[in-house]
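Undergrad: Have a look at this one before I ask anything.
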Amino acid sequence: MKEIDIADLKRITELVKTKYNYDFTNYAMSSFKRRILRILELHNLNVDELIKRLYEPPFLDDFLNEITVNVTEMFRDPPFWRVLRDDIIPAIMLNHQKIRIWHAGCSSGEEVFSMAIMLREMGILDNVSLIATDLDSNILENAKAGIYNLKNMELNEKNYIRYQGTSSLSKYYKESNGKAVMDKTLVENVSYRKHDLVKGEVFNKFDLVLCRNVMIYFNQTLQNEVLKKFHESLFKYGYLAIGSKESLIWCDIASKFIVVNNEEKVYKKIKD
């Protein structure tokens, strides 16, 4: 088993911040350490060797791919998607003919396709503008491509059934060489952008921001800063959806939101 201590982690974070302007100093330490240990094992490196490799820009992509966790599913947590379909989207549409949605930390794109499928089945996909962002350029390319392992589609199909979709998930992809190739017309209204939640600027206003199961990897200081950005990114009375293990209760801008659905962690902005 590889060994690593706090001083080693500090060396790594300082190098990545100084050389590439990626700031991991406020990531949850236990999670960051696990990710670094995984990189050491995968590439059979010790800490000094890892630091040498990090001076090679091409290796940074491998590094980021491991640090930024990219495990997701379509229609993950089906009850959440039912709340979106039955309550949140209709509430937004009462006041807006056009809807703007931001998927922050979109990973490999399963959530974006889930949203697009849901909106198409609601008959309003053409009225929605979606922006999907992630820190990792390679992962963004995967999200754009919309090509997934067929074995993963079994779980995705089960989630879709539990979500109570109006068709079959297989309607939205074709099989090719053991892969599921998603229908690209679903994401014609999606703009994919590289964006750093830690250091990136607020770049637009949205009716709905989704950032689910990303902030669990941040410490409280960083969560607070990111939540402030989300608040600033929302129109007044816009909605924020976060992960089931995440909360707004303790953060500085908690009083500027109300809880819409505590179980599914959906909040509504009520103050600028």
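Residues checked against (1) more than 25 Å from PHE203 (Cα to Cα); (2) in a loop (DSSP other than H, G, I, E, B); (3) touching a residue at least 60 places away in the same chain (Cβ under 8 Å); (4) acidic (Asp, Glu):
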residue	(1), (2), (3), (4)
MET74	yes, yes, yes, no
LEU84	no, no, yes, no
ILE101	no, no, yes, no
ALA143	no, no, no, no
GLU154	yes, no, no, yes
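Undergrad: Look through the stretch 14-28, keep the residues that are among the charged types (D, E, K, R) and more than 22 Å from the chain's Cα centre (by Cα), and return whichever of them is nearest to MET215 (Cα to Cα).
TA: GLU14
Undergrad: OK, next. Could you give me the residue pairs with C-beta distances under 8 Å whose first residue belongs to the stretch 44-61 and is open to solvent by less than 20 Å² (accessible area, probe 1.4 Å), whose second residue is among the hydroxyl-bearing types (Ser, Thr, Tyr) and outside any loop (DSSP other than H, G, I, E, B) wherever it lies, and which are 6+ apart or on separate chains?
TA: Here the result reads LEU60/TYR20, each pair linking the stretch 44-61 to a residue that is among the hydroxyl-bearing types (Ser, Thr, Tyr) and outside any loop (DSSP other than H, G, I, E, B).
Undergrad: Looking at the structure I just gave you, is VAL16 open to solvent by less than 50 Å² (accessible area, probe 1.4 Å) and either acidic (Asp, Glu) or within 23 Å of LEU197 (Cα to Cα) (or both)?
TA: For VAL16, the condition - open to solvent by less than 50 Å² (accessible area, probe 1.4 Å) and either acidic (Asp, Glu) or within 23 Å of LEU197 (Cα to Cα) (or both) - is met.
Undergrad: Let me ask something else about it. Quick one: in the stretch 257-272, of everything that is open to solvent by less than 60 Å² (accessible area, probe 1.4 Å) and out of contact with any strand residue (DSSP E or B) (no Cβ under 6 Å at 6 or more places or on another chain), which residue is nearest to ILE92 (Cα to Cα)? Full working, then the answer.
TA: Of the stretch 257-272, the ones open to solvent by less than 60 Å² (accessible area, probe 1.4 Å) are 257, 261, 264-270.
From what is left, the residues that are out of contact with any strand residue (DSSP E or B) (no Cβ under 6 Å at 6 or more places or on another chain) are 261, 264.
On the way: ASN261: 15, GLU264: 17 Å.
Step by step, filter the stretch 257-272, then rank; the result is ASN261.
Undergrad: Which residues, counting only those in the stretch 26-44, are part of a loop (DSSP other than H, G, I, E, B) and modelled with pLDDT of 85 or more?
TA: Once the filter is applied, which keeps residues that are part of a loop (DSSP other than H, G, I, E, B) and modelled with pLDDT of 85 or more, the stretch 26-44 yields only ASN44.
Undergrad: Answer yes or no as to whether ARG120 is open to solvent by 50 Å² or more (accessible area, probe 1.4 Å) and touching an Asp or Glu at 6+ places or on another chain (Cβ under 6 Å).
TA: Numbers: open to solvent by 50 Å² or more (accessible area, probe 1.4 Å): yes; touching an Asp or Glu at 6+ places or on another chain (Cβ under 6 Å): no.
The answer is no for ARG120.
Undergrad: In the stretch 55-72, which residues are of a type in the set (Asp, Glu) and in a loop (DSSP other than H, G, I, E, B)?
TA: GLU56 - this is the single residue of the stretch 55-72 that is of a type in the set (Asp, Glu) and in a loop (DSSP other than H, G, I, E, B).
Undergrad: Please count how many residues of the stretch 108-141 are small (Gly, Ala, Ser), in contact with a Gly (Cβ under 8 Å, 6 or more places away or on another chain) and more than 19 Å from ASP207 (Cβ to Cβ).
TA: Counting residues in the stretch 108-141 that are small (Gly, Ala, Ser), in contact with a Gly (Cβ under 8 Å, 6 or more places away or on another chain) and more than 19 Å from ASP207 (Cβ to Cβ) gives 1.
Undergrad: Test of understanding: among ILE139, ILE92, which residue is surrounded by 16 or more Cβ atoms within 10 Å (Cβ to Cβ), aliphatic (A, V, I, L, M) and modelled with pLDDT under 95? Reasoning before the result, please.
TA: Numbers: ILE92 fails: modelled with pLDDT under 95.
Going through ILE139, ILE92 in turn, just one is surrounded by 16 or more Cβ atoms within 10 Å (Cβ to Cβ), aliphatic (A, V, I, L, M) and modelled with pLDDT under 95: ILE139.
Undergrad: If ILE216 meets every condition in (1) among the β-branched types (Val, Ile, Thr); (2) over 13 Å from the mean Cα position of the chain (by Cα); (3) surrounded by fewer than 20 Cβ atoms within 10 Å (Cβ to Cβ) apart from one, which number is that one?
TA: Result: ILE216 passes all but (2).
Undergrad: Still on this model: Would you pick out the residues in the stretch 104-132 that are assigned to a helix (DSSP H, G or I) and under 25 Å from ASP196 (Cβ atoms)? Outline the logic, then answer.
TA: We begin by selecting, within the stretch 104-132, every residue assigned to a helix (DSSP H, G or I); these are 110-122, 125-127.
Result: GLU110, GLU111, VAL112, PHE113, SER114, MET115, ALA116.
Undergrad: I've got another one for you. Restricting the search to the stretch 168-177, which residues are closer than 15 Å to PHE113 by Cα and assigned to a loop (DSSP other than H, G, I, E, B)?
TA: Passing the criteria: only SER168.
Undergrad: Quick one: would you say GLY178 is without any contact (Cβ under 8 Å) to a residue 40 or more places away in the chain, exposed (fewer than 15 other Cβ atoms within 10 Å of the Cβ), within 25 Å of PHE235 (Cα to Cα) and of a type in the set (Gly, Ala, Ser)?
TA: no
Undergrad: I've got another one for you. With respect to LYS144, determine if the residue is open to solvent by 50 Å² or more (accessible area, probe 1.4 Å), among the basic types (Lys, Arg) and within 17 Å of TYR172 (Cβ to Cβ).
TA: yes
The values are calculated or read from the model by the stated rules, or taken from the named source; none is laboratory data. Since this is a predicted model, take the numbers as computed values, not measurements. Glycine also receives a Cβ, built like all others from the backbone with ideal geometry; neighbour counts cover every protein chain displayed. When the accessible area is computed, the model is the full protein with side chains, heavy atoms only, and any ligands, DNA or RNA have been set aside. Shrake-Rupley method; radii C 1.70, N 1.55, O 1.52, S 1.80 Å.
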